[in-house]
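A.B. asks: One structure, pasted below without further comment.
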Amino acid sequence: MSTEGSKRAIVAAMIANLGIAIAKFAGFVFTMSSSLLAESIHSLADTGNQVLLLLGGKRSAMPPTRLHQFGFGRERYFWSFVVSIILFSLGSMFALYEGVEKVLHPHPLESPSWAIGILAFSIVLEANSFRTAIREAKKVKGKSSWNAFIRRSKSPELPVVILEDTGALLGLTFAMAAVVTAAITGDGVWDGVGSITIGLLLGVIAIVLAIEMKSLLIGESASPEDEAQIAELISSSESVTRVIALRTQHIGPDDILVAAKVEFDGSLTIASLATVIDRIEGRVRAAVPAATRIFIEPDVVRPELSDASDPWSGLDDRSH
């Protein structure tokens, strides 16, 4: 459901951004507004970003190969990271350049009514895209706050689209304020100020996206809820004495690798131990379907091992 919801949000954003980009470019031709030009490049970059997100989703579904034996789930993280770079380079830097240029060399707006009408039209389209993204995100967000959802979501597309749409709506508001102020005062400097504000806004969003996508690319653990459930399922299984250590990692939004050191009843034979492990894996997959790769290592507790010599010890920090 999260994958389909992400795809719907991406398609809605792509259609909206393409329409908005065309309208803004037309408005720039009539008004020569730098705010409109900055917003045009912003919307064009966003349209390309949606294409990259769809590409990442398609490539992540490719079957494993000899070289990539765990599949291509992280393609979605990679292309989302590329989106953050494009948003920063094409969106933020261009808007800042145009804004500084307009402040240094201001000129009055031509046909400001065109700019205001096109920006109002763009706000309507962008708001519809934003509403779609929020509706789809609510299906998977649960009780988490929006900040927690953006920071902890393992599915990158919805946070990317939500942040993009938020930035677009704020940017359109800044552009509208700049154009109206420039039209009232007759001072083109305000148009440049609007473009600079848009550039700074896009830069902040791009940096936030880059940080979150970098964390996912490096490899994040499963959510605390999923990890606790997995640990409970293993420890409560037949013939299990204790869970010595448990490590998890998302190798894709819906693909968790689970590695566990488990102490079993010492009376088990090799054949019966294999059967017990198979049952544990079945229990975990039934309760946490995303746990697709499970590796359980039978072991015993060895107190003589120090934390420094045991790579499975500690590692409780879940921060980025």
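A.B. asks: DSSP loop (so not H, G, I, E, B), at most 14 other Cβ within 10 Å: list which trypsin sites (Lys or Arg not before Pro) in the range 36-67 pass both filters.
C.D. replies: Loop-located and lightly packed - 66.
A.B. asks: Oh, and also: Helix 189-218 against the longest principal axis of the chain: what's the angle in degrees, Cα atoms only, rounded to the nearest 10?
C.D. replies: Approximately 10 degrees, to the nearest ten.
A.B. asks: Right, another one. Angle, helix 75-86 long axis vs. longest principal axis of the chain, Cα atoms, 0 to 90°, nearest 10?
C.D. replies: The angle comes out near 30 degrees.
A.B. asks: For the residue pair residue 242 and residue 218, what label-to-label distance in nm results when each label sits 7 Å from Cα along the Cα-to-beta-carbon direction?
C.D. replies: Inter-label distance under the simple model: 3.1 nm.
A.B. asks: Kindly give the semi-axes, whole Å and largest first, of the ellipsoid equivalent to the chain, taking each as the square root of 5 times a Cα gyration tensor eigenvalue.
C.D. replies: Values: eigenvalues 530, 64, 43 Å².
Semi-axes (√(5λ), whole Å): 51, 18, 15.
A.B. asks: Now a separate question. Using unit Cβ charges (K, R positive; D, E negative) and no other charged atoms, how large, in debye to the nearest 20, is the dipole of the range 224-309 about its Cα centre? Numbers along the way, then the final one.
C.D. replies: Working: 8 positive and 15 negative charges, 30 e Å.
Computed charge dipole of the range 224-309: roughly 140 debye.
A.B. asks: So if we plug the beta-carbon distance of residue 97 and residue 283 into 1/(1 + (r/R0)^6) with R0 = 56 Å, what FRET efficiency do we get, rounded to 0.05? List each step's numbers first, then the result.
C.D. replies: On the way: r = 57 Å, r/R0 = 1.02.
That gives a FRET efficiency of 0.45.
A.B. asks: Okay, moving on. Angle between the Cα long axis of helix 34-60 and the longest principal axis of the chain, 0 to 90 degrees, nearest 10?
C.D. replies: Approximately 20 degrees, to the nearest ten.
A.B. asks: Work out the count of Lys pairs in the chain where the Cα-Cα distance is under 18 Å, with the pair 8 or more places apart or on different chains.
C.D. replies: For the chain, the number of qualifying lysine pairs is 12.
A.B. asks: May I ask you to order 277-287, 87-97 by the average number of other C-beta atoms within 10 Å around their residues, highest value first?
C.D. replies: Values: 277-287: 16.4, 87-97: 20.8.
With the highest mean Cβ count within 10 Å placed first, the list reads 87-97, 277-287.
A.B. asks: Would the range 224-309 count as rounded, prolate or oblate if I go by the C-alpha gyration tensor, calling it rounded below 1.5 in a/c and otherwise prolate when a/b exceeds b/c, oblate otherwise? All intermediate terms of the calculation are to be shown ahead of the outcome.
C.D. replies: On the way: a/c = 2.06, a/b = 1.24, b/c = 1.66.
In terms of gyration-tensor shape, oblate.
A.B. asks: Tell me what the chain gives for mean residue ellipticity at 222 nm when only DSSP H runs of n ≥ 4 count, each as -39,500 (n - 2.57), the sum divided by the residue total, rounded to 500 deg cm²/dmol. Before the final figure, lay out the partial values.
C.D. replies: On the way: 10 runs with 206 residues, N = 320.
Calculated mean residue ellipticity at 222 nm is -22500 deg cm²/dmol.
A.B. asks: Note the full-extension length gain between residue 59 and residue 124 as 0.36 nm times their separation in residues minus their Cα-Cα distance, in nm to one decimal. Intermediate results must be reported in sequence, preceding the final value.
C.D. replies: Values: separation 65, 0.36 × 65 = 23.40 nm, distance 3.24 nm.
Between residue 59 and residue 124, full extension yields 20.2 nm more.
Every number here is computed from the coordinates shown, using simple stated rules; none is lab data. Keep in mind the model is a prediction, meaning the values are calculated, not measured. Here the Cβ is made from the backbone with ideal geometry for all residues, glycine too, and neighbour counts use every protein chain on show.
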